[in-house]
Each structure stands twice: as C-alpha cells, then as structure tokens.
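> One structure, as structure tokens, below. Some questions next.
Readers should treat all values here as calculations from the given coordinates under stated rules, not as data from a laboratory. Just so it is clear, the structure is predicted and the values come from calculations on it, not from any experiment. Note that we place each Cβ from the backbone using ideal geometry, even for glycine, and neighbour counts take in every protein chain shown.
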Amino acid sequence: MKQAADAIDKLISHMGKILRYVAPGFASLFVIAAAIPKTRPWLSSGSPSVVVLGMLLGPTIYAVHTGALIRCLWNPIILRLREVDTWKGTRKKVYELGLQRWLRRASEEREVSSIQGEMDEWGAMLNFLYCLSYTMIFIPCGAKLIQCRIVDAVVSPTWIIILLMGLALLGAALISECRIIRMEIRLGDKYPDGKMTKQ
C-alpha cells in the first residue's frame with residue numbers, strides 16, 4: 001500500500017511536467033482522430049510510431065506556445081490591466097515579471113518558494129489549457145482547408161464543434177492569464193527580488 005501511495009505522490013509531483021510536455025501531444029492526436037476519421041485506425045493502433053509522434057508533438061506545441069504565441073497575448077493583456085501605457089512598456093513589464101518569477105523560484109525563504117510552487121502548478125494547468133485550445137482550433141481548421149483542396153479528404157462533421165470548444169478553451173485560458181498576471185504583479189510587490197519585505 002505504501003508503494004502505491006509513493007507512486008501516486010511521485011506522479012502528482014511530476015504533473016506539471018506531464019501537463020506541459022506530454023499531454024498536449026497526445027491530446028492533439030485525439031483531436032486529429034476526431035476531426036479526420038481516416039486517421040483513426042492508425043492512431044488507435046497503439047504502434048510505437050504513434051507513441052513517438054505524441055511524445056514529439058507535446059514539447060513542440062509547448063515550445064511554440066512559450067516561444068511565440070503567449071508573448072503575442074501578454075502585451076494586450078498587460079495593456080488591458082493598465083499596468084503600462086505603451087507597447088514598449090509591456091516588453092519591459094513582461095521581462096520584470098519573468099525575472100521576479102525566477103527569483104521567487106530560487107528563493108531560500110520557504111514562504112516565497114512555496115507560493116511560487118503553487119503559482120507554477122497553476123501555470124502548468126494554464127499552459128495545458130492553451131496548448132489544448134491551439135490543437136482544437138488549428139487542427140480542425142487545417143483539416144477543413146485540406147478538404148477544400150483535396151476532394152477525397154473527409155473531415156468529420158464534428159470539426160465545427162471541436163473548433164468552438166477550442167475557442168471557448170482559449171477564452172478561458174485568457175481569463176485565467178489575466179488573473180495569474182495580476183497575482184504575479186502583487187507577488188512581485190510583496191516579495192521583491194524573491195525576498196520577503198521587511199515589516
């Protein structure tokens with residue numbers, strides 16, 4: 001029984017990594033299977049190539065999200081929160097928030113690092129939500145575009161439902177992003193440079 005509890009604890013401790021790097025790839029395979037019926041036999045075969053594809057897609061989607069897409073979304077969010085007045089100011093604010101986040105992670109003060117750990121878990125869930133929404137938006141749209149070009153390419157009628165659900169998930173992610181940015185601004189004020197402010 002203790003071994004099972006230890007295994008569950010280890011799994012939970014790695015949940016953030018799983019949500020960031022693994023889950024988006026396999027979620028995208030499910031979306032492909034739902035949107036393009038002809039891919040279902042191969043994707044449900046459980047062949048090693050399917051597993052490898054899922055393992056490679058996850059980090060790729062996450063890298064595109066963190067390297068490019070999220071940065072396009074942060075600027076308007078920070079402007080909307082009225083933290084800065086100019087686009088140039090948003091870049092500086094994003095840099096400051098990132099720096100403060102890393103300083104809290106490296107903090108030797110238990111309260112600071114513990115709070116940042118909770119923020120990182122929230123961030124992992126948020127990143128998964130973003131990555132899932134991208135696959136639910138781009139895959140059905142791409143499949144429909146291919147169907148317009150290739151007559152025998154069959155797209156499931158549920159593609160529009162998948163697309164709408166992806167847009168709803170993206171909206172939920174953006175709302176959560178506003179909340180997390182507000183919280184990070186407060187944490188930066190409360191724990192400047194990853195340290196507790198002297199009372």
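> Tell me, what is the percent relative contact order of region 49-187, built from C-alpha pairs under 8 Å that lie six or more residues apart?
Once normalised by length, the contact order is 23 percent.
> Mind listing which GluC sites (Glu not before Pro) in region 75-132 are in a DSSP loop and have 12 or fewer other Cβ atoms within 10 Å?
108
> Cα extents of region 24-101 along the three principal axes, largest first, in whole Å?
53, 23, 15
> Within region 67-151, report the trypsin sites (Lys or Arg not before Pro) that DSSP leaves as loop and that have at most 13 other Cβ atoms within 10 Å.
Passing sites in region 67-151 are 82.
> Which one, 22, 36, 122, is farthest towards the positive end of the dipole of the chain when Lys and Arg carry +1 and Asp and Glu -1 on their Cβ?
Value computed over the given set: 36.
> Given Cβ point charges of +1 (Lys, Arg) and -1 (Asp, Glu) and nothing else, what value in debye, to the nearest 20, does the dipole of the chain about its Cα centre take?
380
> Return the sequence-ordered ³J(HN,Hα) values of region 181-190 in whole Hz as given by the Karplus equation 6.51 cos²θ - 1.76 cosθ + 1.60 applied to θ = phi - 60°, using x for Gly and Pro.
For region 181-190, the Karplus curve yields 5, 4, 5, 5, 5, 5, 5, x, 6, 6 Hz.
> For the chain, what is one quarter of the convex hull surface built on the Cα atoms, given in nm²?
15.4
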